[in-house]
Amino acid sequence: MEQFLYYLKASLISIRRAPLPYLITVLILSLGLGMFFANATFYYQLNRDPLPHKSAQLFFPQMNLVPFVAGGSKPIQVLSYSNVQKLAASSIPTAQAAMYSTDSYVRLDASQPALPVKLRATQRDFFSMFDVPLLHGAIWPDNSARDEVVIGQLLAEKLFGHSDVVGKTLLIDDRIFTISAVVVRWQMLPRLYDANNRNHTSETEQLFMPLETAYDMNYMSATMSRTLDDTDYRQLSTQGRTGALHQLQFWVQLDTPAQQQAYRDFMLQLAQSEKAAGRHPSAVNNQLPAMRDIVQYFAADSGDIKAYALVTLLFLLVCLFNASHLSLNRYLSNQYEFSLRRALGASRWQLQQQMWVDVLLLTAITVLLSLPIALAGISLMNYLWPDHVLFSQWDLSLLLTLVLLALGCSYVVTLYPAIRASFGGLNQQLKE
Amino acid sequence: MLELSNITKIFRTELIETHALRGINLTVNEGEFVALTGPSGSGKSTLLNVLGTLESFDGGDYKLDGTSIKGWSDRQLSNLRNEKIGFIFQGFNLIKDYSLFDNIELPLRYRGMAASERKRRVDQALELVGLAARKDYHPSQLSGGQQQRVAIARAIAGQPRILLADEPTGNLDSLMARQVMELLEQINAQGCTILMVTHDPDQARRASRQVQIVDGLLNDAALYDPLQQSVRTNTQSQQADVA
C-alpha cells in the first residue's frame, strides 16, 4: 500500500509538471469514451437478453399456411386463429400461448372519463413463459373466455390509488371485468415477444385480457393484421375465428432438443396435411426461430443505433490515437526521470508498476469525466430517437463495462509510451 | 573486486560504427580511489557506464567479486545497481520537484526497505554531506555545490561498495569542487571503492591510482596533458627526449 501511494504521488507530481498536455489527453479520451458509452448504452440495452435462462427454449413457430402461393423466403409473421388452434393441438410444448396487442379504454365507472390503454390479449401460459411477476392474485386457470383481466401495478395505482385490487371491477369499453391478478411494475427489455411487429422497444402493456374474450369483443390487432380473403372481419368474434385473418403471435416453450425436433416434425406433418387438404398451395416453409434470435430473424434491430455505434467507435479510435500521441510526448519528456530511476536501481518491472498506477489514475479521472459526457450524449439520442428512451438506462454491469473500457483505453494510451520511455538508453538520457 | 577482461563496446548507427572501447583490461581492488582520465571522446565515460551497467558491452568479460555479470537479466542488473553501486553525475541528476529527502530516498525505495530504515539512512547521509537541516528543500533552492552534495548523499545512502563519479566537479567552481573532493575522500576513507572520471589533473592526483584512456584503450603509462588535449606515450616521450 505504501508503495502504491508512493507511485500515486509520483504520478500526481508528473501531472503537475505538465498539467496542460495531461488535461488535453484526459479530455480527448473522456470525450471519445463518453460518446461511445452513450451509444453503447442503447446498443447494450437493445441487444440484451431479457430471459437468458430460457430464451433458447422459447420459440415462435412460423408457417406458410395462407390460401394463395406465398412468395418470399419467410412465412407471414402472424397466424390466423384457426392455424393457431391446429398448432395448439400439439401436446409437445411445455407451455404455449397465442396473443396480440390492441388498444382499448378503461375506467372504473361510467361517470369517469375513459382512459386509453394498450391491451394484450393473451392466454394463461404467457405469464409463466415470459416470467411475468405477480404482485397479487392468480392467473386464469384456463384459456377460455372470461370477464377477468390482469392489470399492471402502475394502472392499478392510477385507477384505484393502490395496488391490492384483486376482486375489484372496472369497465373496459363499458363491459364489466373483475381483476384476477396484479403484475408488479414489470418492463421486459427489450420486449421480445412483440419483435415480429418491430414493437419490442415500447413499454409493456398494463392490461391483459383472455384472448377468447378479446375476440368476443371484436378487438382487432393494433399492430399487425393481414386479411387474406374478402371476409368482413369487423365481426371478429365469428368470422375472425374461421377466416384467413392473420393477426396472432404464437409462442411455444420447448425445453429440450428432443422436444424441439419433435415439434419441427409436428409442424412438417401439419403443413403437409394442410397442403394435401388443399388449404394452402405454397411450398412447405416452416420456421422455428428462438426468442434469443428473434430480433435478428425479423431484422428488427435499429439501423440508426447500429450506424451511430459505428460512428462513435471510429470516433473513439480517433480519440485513442490522439490521446496516445499526446501521452507519448508527455512520457518522452519524462524519459530522463525514467532513466534516472533505472540507473538508481529500478527494474523495468518496477517502472511498469508505476505505469499501472498512471493507468489507474487516468482511468479514474476519465470515468468521472466521461459519465457527464455520456449523459449528455444520451439526452441527445433521446431527443433524436424518442422511441428508444426506455433503453437509455444504466445498470451495474453497464457501469462496470464502462470502467473496464476506460481501463483498457487508458492502458492503450499509456502502455506504448511508457514502454518506449522505460526502454530508452540510460546513459544518453542522463547526459541530456 | 572489479575485473574487466578485454571489454569492447561499439556504437552503431546506420552509417558508421564507433569503437568506443577496444579491449579494456582493468582490475580495481576494494577500497581503491581510481581516477579515469583521458581526452574528450576517449571512452572514459563509456567505461564508467559499462562499469555501472548503464551500458552493455559487446565483447570481453566483466567480473564483480569474482562473478561474471555477462548475460544477466534486467532484474539482476537493476539489483546490482541498486545495492552495490552508487552514481554521481556531472549534472547532479536530481528530480527538481522532489524534496532532498525524496531524492535521496529514491534508490532505497526500489530496494523495498522499510520506511523507518529509509529515514535513518537518508538522515545519516544528509548529516554526512552537511545538509541535514534542509531535507525538505527542493534542489532549486540549493547552490550547485550543495546539489552535488545531495547527489553524493543519494549515492551513499544505500551504502554501496562502489561509487562511480562522472566528472562530479565539472559544473562547480573551484571552492565547491574542493569541498566535493574532500567529501569523496572522506567516503573512500570509510572503505568505499571510488572510480571517478575527471579532466582535472589536480583532482586526478588526489586519487590513489590514475588510469588513462586513449581511443578506447587503457594506457597506464600515457602522459595526458589536458591543456593541450593531446597524448604522448612513454615511447614517444623517450623518442622526443633522445632527439
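The values are calculated or read from the model by the stated rules, or taken from the named source; none is laboratory data. Bear in mind that the values here come from a model prediction, so they are computed numbers and not experimental data. Backbone-built Cβ (ideal geometry, glycine too); neighbour counts: all protein chains shown.
Observations
- Only one of B:Gly41, B:Gly31, B:Gly60 that is over 22 Å from A:Gly345 (Cα atoms), free of Cβ contacts under 8 Å to residues at least 12 places away in the same chain and more than 10 Å from every other protein chain (Cβ to nearest Cβ): B:Gly41
- Residue that is nearest to the other protein chains (Cβ to nearest Cβ) [pool: residues in the stretch B:65-77 that are at pLDDT 90 or above and within 19 Å of the chain's Cα centre (by Cα)]: B:Leu77
- Of the residues making up the stretch B:44-53, one or more are surrounded by 15 or more Cβ atoms within 10 Å (Cβ to Cβ) and either out of contact with any strand residue (DSSP E or B) (no Cβ under 7 Å at 6 or more places or on another chain) or more than 14 Å from chain A (Cβ to nearest Cβ) (or both).
- Options A:Ala374, A:Ala364; residue that is within 29 Å of the chain's Cα centre (by Cα), at pLDDT 90 or above and crowded, with 16+ Cβ neighbours inside 10 Å: A:Ala374
- Test: residue in the stretch B:57-80 that is among the hydrophobic types (A, V, I, L, M, F, W, C), surrounded by 22 or more Cβ atoms within 10 Å (Cβ to Cβ) and under 17 Å from B:Met196 (Cα atoms): no
- Among all residues of the stretch A:15-31, there is none that is out of contact with any Leu (no Cβ under 8 Å at 6 or more places or on another chain), buried (at least 19 other Cβ atoms within 10 Å of the Cβ), small (Gly, Ala, Ser) and within 14 Å of chain B (Cβ to nearest Cβ).
- Unmet requirement for B:Asn79, which otherwise passes all of (1) touching a Phe, Trp or Tyr at 6+ places or on another chain (Cβ under 6 Å); (2) farther than 18 Å from B:Val129 by Cα; (3) free of Cβ contacts under 8 Å to residues at least 60 places away in the same chain: (1)
- On inspection, B:Ile104 passes the criterion of being in contact (Cβ under 8 Å) with a residue 24 or more places away in the chain, in contact with a helix residue (DSSP H, G or I) (Cβ under 7 Å, 6 or more places away or on another chain) and surrounded by 15 or more Cβ atoms within 10 Å (Cβ to Cβ).
- A:Leu371 meets all of the listed conditions (1) touching a Gly at 6+ places or on another chain (Cβ under 8 Å); (2) within 30 Å of B:Ser56 (Cβ to Cβ) but one, namely (2).
- Residues of the stretch A:322-359 that are among the basic types (Lys, Arg) and either more than 10 Å from chain B (Cβ to nearest Cβ) or in contact with a Leu (Cβ under 6 Å, 6 or more places away or on another chain) (or both): A:Arg330, A:Arg342.
- The criterion of at least 2 residues that are over 22 Å from B:Arg109 (Cα atoms) and more than 14 Å from chain A (Cβ to nearest Cβ) is met, among strands (runs of 3 or more DSSP E) falling completely within the stretch B:132-228, by B:193-197, B:209-214, B:223-225.
- Condition check for B:Lys9 on (1) under 24 Å from B:Arg205 (Cα atoms); (2) of a type outside the set (A, V, I, L, M); (3) within 13 Å of chain A (Cβ to nearest Cβ): one failure, at (1).
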